[in-house]
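Reading through the structure tokens given below for one structure.
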Amino acid sequence: MAMPYDYEDGHQQQSGPDSLSYDPSFVPDPVKSFVVHLYRHIREKNVYEIHQMYENSFQTLSERMFKDVPWPSVDAVAPFVDNDHVFCLLYREMWFRHLYARLSPTLKQRIDSWDNYCSLFQVVLHGVVNMQLPNQWLWDMVDEFVYQFQSFCQYRAKMKNKTEQEIALLKQFDQAWNVYGVLNFLQALVEKSMIIQILEQEKEGLEQFTATDGYDYNGGSNVLKVLGYFSMIGLLRVHCLLGDYHTGLKCLLPIDLSQQGVYTSVIGSHIATIYHYGFANLMLRRYVDAIREFNKILLYIYKTKQYHQKSPQYEQILKKNEQMYALLAISLSLCPQVKLVEETVNSQLREKYGEKMLRMQRFDDEAFALYDELFSYACPKFITPSAPSFEEPLVNYNQDAYRLQLKLFLYEVKQQQLLSGVRTFLKVYSTISMGKLATYLEVDEPTLRTILLTYKHKTHAVDSDGKISSNADVDFYVDDDMIHVIESKPAKRYGDYFLRQIVKLEGVMTDVDRVKLE
Amino acid sequence: MGREISSGGQKSSSSSSAGMSYTVEQLVAVNPYNPDILPDLENFVNEQVSSQTYNLDANLCLLRLYQFEPERMSTQIVARILVKALMAMPAPDFSLCLFLIPERVQMEEQFKTLIVLSHYLETARFRQFWDEAAKSRHLLEVVPGFEQAIQAYAIHVLSLTYQKVPRSVLAEAINIEGLSLDKFVEHHTANSGWVVEKGHVKSPLITLPSNEFNRPELKKNTADGVPFEHVARIFPILG
């Protein structure tokens, strides 16, 4: 189900403040109660209560009273919270997030939101924050920051219908959502929090971070550390939007994806991490790495999505789920390694993309159209980070970045066009001469030799340390002019099996011990 | 705590002015999102070319800065980065660089040529590659070590594929013939474990060194291994 590339997340309704019924200075009683209680809980560091209010009360009130209007302005609620500077920054962050989700922000509002993030991050970076906030909230801050940056770049790139007023504002506030600013804030959070060193030291038992889910039980604050941690994922995301997959993955290196971690403590962060990790590896031709991680997360979502049905992130979870199935379909069509995919995920995949995958593996014109369709549906919303040209004629260039990534991706697919033909024959023969295979493939021998070399090159991925590993499910070697197919024995994982059974037996014995005989 | 409107936390440490002087590698690691380091990165590209070294991270950093400020882009430097990336094959560095170069720049002649050269190498069309490279000497001569790097890539791909490769196939792949080829093969026989099999009618065979890709029996069956962490989890039970 390919969707048009330009689909913006969130509803596009009339811009809020012009709505007849909206008075920014009016504070309904439920809101007064909400901010007073939230303020108190933050001061008293009741993380659980904060989380409840943030996840549930805020959503309920938004649904009930602010379905298509903004919340009351921060100036109106400030008196109820002692005009606390930091609380106001937090409130404003939620205020803008609500605006972006339910309404369409004006340029002025986008700029104001940027200002708010600057102030909020500056406060955190100065290390004067003494709060403990739920990971969900801290993740949402980073996630929303990157999202608003992406949204701004898309908005800015559509110069064609900009009013004179908008152009004047853009020229005046050229620092707002500037790419340097965004990247440097994320980088600053990573550095100031010393999160990389903390994770390193944790491996040697000298620090506690993952074990406490990032929370500080020594009377301190978790805000800077956890924001720093999530900023690594933020950097991965921004680099993917720019098309720099190598650096993006580098930013993520301190996080060990083979383990649980703070990144798995919030489902949104877990999904964002794996989605971008998988996509980056796909573009780097490391298909096996992408397939492995997509498989794990898709299985996880399958098992746990029922628990998130009421959550405000549910729609996003489903969307990313679908996109990752599309990416998995692409990865497996380019690198058929069905053994890496778990039963449940495989059957879901067959249902959604089984037919398309068969056609994609034919590598004809129809196949390329399908690669195009799936890539366009599932890819990140690439951006052009540079400032716009204000010269006439004003054009829309918001599709440029996406078109380039798509073009280069399809170029790679085309280079792999002849490989599936070779694979088909290699699966059937144990040895075959060059001459014979050339005849079957209807090419001459020299051409066949280049095809075989291409097959080897494309199926042997190079990782960031220069190590070569084979992606191929069917492999071969050539002795002069004889091709010998290498049979890969299905690996029986006895070790894993025994480990599982040992743990299971232990569980049974513990249960039996607990039974009291009457 | 007054309200501070920041201009985006832009770091303004310049590379070699007052006091500390950072190496380019340090700059890229510590302060990569900084427009001031652009000249240092450009110089570093030229240094890589002349000293036959290579640093992907620094080059990607520069391409990003060009992306942020297209009016500062030097197509000559970009071309050099791309040639260096070609020399890094089989690593996918060339594609990584292309992802960061705007489409209209890629339409220029020199870049179209480089993309064609990369295409030939990616699809192992070595004869066409060397023909085209000969026509584009002006682009490639400026980067010393280019020929050797491509020859190393060619041998790499041959080693993945062949246990025994016909001499003619090798010759075409590395673009060396006659006496020069004899010398080349001699050198590798002495240093890299090549073995020439004489007495073959058409074209002598060269046995390439064994590796896990051209000799299946050498492939370590990693699937049987169990990571230590997994075993460690049952220590409480066993103990």
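Once C-alpha pairs closer than 8 Å and six or more residues apart are averaged by separation and normalised to the residue number of chain A, the relative contact order reads 13 percent.
Relative to one another, the C-alpha centroids of the range A:89-135 and the range B:61-116 are positioned 37 Å apart.
Nearest 10 degrees, 0 to 90: what angle lies between the long axis of helix A:267-283 and the longest principal axis of chain A (Cα atoms)? So the helix axis and the longest Cα principal axis differ by about 40 degrees. Solvent exposure of A:LYS436, expressed as accessible area, is near 100 Å², computed with a probe of 1.4 Å over the protein chains only. When chain A is described by a simple charge dipole with +1 on each Lys and Arg Cβ and -1 on each Asp and Glu Cβ, the residue from A:VAL413, A:CYS379, A:LEU199 located farthest towards its positive end is A:VAL413. Peptide A:448-461 shows a mean partner chain C-beta count of 6 within 10 Å per residue C-beta. Think of the protein assembly as shown as a dipole: +1 on every Lys or Arg Cβ, -1 on every Asp or Glu Cβ, centred on the Cα centre; then among B:ASN175, A:TYR455, A:LEU90, A:TYR455 lies furthest on the positive end.
For the peptide A:242-253, the mean number of other protein chain Cβ atoms found within 10 angstrom of a residue's Cβ is 4. For B:GLN148 and B:VAL105, the FRET efficiency from 1/(1 + (r/R0)^6), where r spans their Cβ atoms and R0 equals 30 Å, is about 0.60. Quick one: helix A:107-125 against the long Cα principal axis of chain A, what's the angle to the nearest 10°, folded into 0 to 90? With rounding to tens, the tilt is 90 degrees. What's the angle, to the nearest 10 degrees (0 to 90), between helix A:135-156's Cα axis and the longest principal axis of chain A? Between the helix axis and the principal axis of chain A, the angle is about 80 degrees. Charge dipole (Cα centre; +1 on Lys/Arg Cβ, -1 on Asp/Glu Cβ; no other charges) of the range A:351-489 amounts to roughly 300 debye.
How much length, in nm to one decimal, is gained on full extension between A:ARG423 and A:GLN337, taken as 0.36 nm per residue of separation minus their Cα-Cα distance?
29.7 nm is the gain from fully extending A:ARG423 to A:GLN337.
Taking a straight Cα-Cα cut-off under 24 Å and skipping sequence neighbours fewer than 8 places away in the same chain, the lysines within cross-link reach of A:LYS427 are A:LYS339, A:LYS356, A:LYS414, A:LYS436, A:LYS456, A:LYS458, A:LYS489, A:LYS492, B:LYS164, B:LYS219, B:LYS220.
Annotation for the range B:140-178 versus the range A:152-195: alpha-carbon center distance of 48 Å. Each label point was placed 7 Å from the Cα along the Cα-to-Cβ direction; for A:GLU322 and A:LEU441 their separation is 3.9 nm.
Binning the alpha carbon pair distances of the protein assembly as shown at 20 angstrom intervals from zero yields the distribution 14, 44, 32, 9, 1, expressed in whole percent.
Ranked from the most accessible area to the least, with a 1.4 Å probe and all protein chains present, what is the order of A:VAL47, A:VAL238?
Most to least solvent-accessible, the answer reads A:VAL47, A:VAL238.
Only the Cβ atoms of Lys and Arg (+1) and of Asp and Glu (-1) were treated as charged; on that basis the dipole of the range A:426-480 about its Cα centre amounts to roughly 80 debye. Partner shielding of B:89-101 amounts to 6, given as the average count of beta-carbon atoms from other chains within 10 Å of each residue beta-carbon. Positive end of the charge dipole of the protein assembly as shown (Lys, Arg +1 and Asp, Glu -1 on Cβ, about the Cα centre): tell me which of A:TYR302, B:TRP130, B:CYS61 has its Cα farthest that way. Among A:TYR302, B:TRP130, B:CYS61, the one farthest towards the positive end of the dipole of the protein assembly as shown is A:TYR302.
Rounded to the nearest 500, what is the 222 nm mean residue ellipticity of chain A from helices alone, with -39500 (n - 2.57) per DSSP H run of 4+ residues and division by all residues?
-19500 deg cm²/dmol
Scoring A:229-237, A:277-285 by mean Cβ neighbours within 10 Å over their residues and listing the highest first yields A:229-237, A:277-285. Solvent-accessible surface (1.4 Å probe) assigned to A:TYR314 amounts to roughly 50 Å².
If only the Cβ of Lys and Arg carry +1 and only the Cβ of Asp and Glu carry -1, the dipole of the protein assembly as shown around its Cα centre is close to 1220 debye. Protection proxy ranking, highest mean first, for peptides A:421-431, A:172-182: A:172-182, A:421-431, where packing is the per-residue count of other beta-carbon atoms within 10 Å, averaged. A crude spin-label estimate for the pair B:GLU229 and A:ASN46, with each label 7 Å from Cα along the Cβ direction, gives 3.7 nm. Ligands, DNA and RNA excluded, the heavy atoms of A:LYS305 present near 60 Å² of accessible surface to a 1.4 Å solvent probe.
The values are calculated or read from the model by the stated rules, or taken from the named source; none is laboratory data. Note that the structure is a prediction, hence the values are computed from the model and not measured. Methodologically, a virtual Cβ is constructed for each residue, glycine included, from the backbone with ideal geometry; neighbour enumeration extends over all protein chains shown. Side chains included, ligands, DNA and RNA excluded: accessible areas come from the protein's heavy atoms. Shrake-Rupley method; radii C 1.70, N 1.55, O 1.52, S 1.80 Å.
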